[in-house]
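Written out below as structure tokens is the structure these notes cover.
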Amino acid sequence: MEGVLTGGCLCGGVRFEVRRPLGTANYCHCTRCQRRTGAAASPQVRVAPGSVAVLQGTELVREYTPEGGFAKAFCSTCGAHLWARDPDEDEPFSVRLGAFDSDPGIRPSYHQFVDYAAPWEPIPDDGLPRYPESGRG
């Protein structure tokens, strides 16, 4: 990805852009992501520090940080999931693929936390690597 990608929440109150090339994308099947999204997996992409700029709605962004986990940012008005942040850092490190306005031009390249995959939705046989826990190595 070159240039700028834009995105936002469901109600339009939060708008952001990503100005640097994207990193790797993945599907996370952990229980936290299932409960946070209501879906079997969360597709997300890694971003470089400082690459996410909130254009409007900073006051609407809230975070939930589970014990021992990463901060999950969402819009306080509509509840849309936006990004995740290491609690020891100020910047997002991954953005939810569904938060982008258009095709970000990248596809998930692996599945992580498959040991916790939802039994009601089997992981598709898509040929991507699968990791029992974190795929970040």
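Numbers for the structure displayed
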| quantity | calculated |
| --- | --- |
| Lys, Arg +1 and Asp, Glu -1 on Cβ, resulting dipole of the chain about Cα centre, debye, nearest 20 | 140 |
| Accessible-area order (highest first, 1.4 angstrom probe) of the listed residues Trp120, Trp83 | Trp120, Trp83 |
| GNM top mover of Pro49, Pro119, Pro92 - the chain, alpha-carbon springs below 10 Å | Pro119 |
| Loop GluC sites (Glu not before Pro), segment 1-70, which have at most 14 other Cβ atoms in a 10 Å radius of their Cβ (DSSP) | Glu2, Glu67 |
| Solvent exposure of the chain as accessible area per residue, Å², 1.4 Å probe | 54 |
| Sulfur and carbon atoms: percent of accessible area, the chain [1.4 Å] | 50 |
| Where Ser134, Ser94 fall by accessible area, highest first, once all protein chains stay in place (1.4 Å) | Ser134, Ser94 |
| Tensor-based shape of segment 86-126 (alpha-carbon gyration tensor, a/c under 1.5 rounded, otherwise prolate or oblate) | oblate |
| Most mobile of Val54, Val18, Val95 in a GNM of the chain (Cα contacts under 10 Å) | Val54 |
| Shape metrics for the chain, restricted to C-alpha atoms - Rg then Dmax, Å | 14.4, 41 |
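The values are calculated or read from the model by the stated rules, or taken from the named source; none is laboratory data. In this text the structure is predicted, and so the values were computed from the model without any measurement. Virtual Cβ from ideal backbone geometry, glycine too; neighbours counted across all protein chains shown. To get the accessible areas, we keep the full protein, side chains included, count just its heavy atoms, and leave off ligands, DNA and RNA. Shrake-Rupley method; radii C 1.70, N 1.55, O 1.52, S 1.80 Å.
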